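Asker: First, the structure itself, so that you have it in front of you.
We did not get these values from a lab; they are worked out from the coordinates using the rules stated. Computed from a prediction, not measured in an experiment: that's the story for all the values here. Positions of Cβ are backbone-derived with ideal geometry, glycine not excepted, and every protein chain shown enters the neighbour counts.
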Amino acid sequence: MKNGRGNAVLDEMLEPVSRCFNVDAARALVNLRVDERTQTRVEELAEKCNEGHLTPEERSEYEAYVQASTLIGILQAKARHLLAQAGAS
């Protein structure tokens, strides 16, 4: 997903998934964080990307992290919306 339209399509396709959330699942999803090792790797790749020094393999790995982050972010937004509607935080 390299553009806003791609994210909109992903958002639309994930809508049925979000209808499966209950309050507990939504809370767990909102609080989801990657482990320290993963976060450190993403930061390393981001820095190399900004400097223009990614190898093709690293670019592919970084793009996978970005795509996964986009997917998780959309699901977290949907979970926050459910919690707001339910009056639960």
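Asker: Using only Cα atoms, what Kirkwood radius does the chain have, in angstroms? Working shown, then result.
Answerer: Working: mean 1/r = 0.0687 Å⁻¹.
The Cα-based Kirkwood calculation yields 14.6 Å.
Asker: Moving to a separate point now. Quick one: 3J(HN,Hα) in Hz for region 29-41, Karplus 6.51/-1.76/1.60 with θ = phi - 60°, rounded, Gly and Pro as x.
Answerer: My calculation for region 29-41 gives 5, 4, 8, 5, 9, 6, 6, 4, 4, 5, 4, 4, 5 Hz in order.
Asker: Describe numerically, in nm with one decimal, the distance between label points set 7 Å from Cα along Cα→Cβ at S60 and at V23.
Answerer: Placing both labels 7 Å beyond Cα along the Cβ direction yields 4.6 nm.
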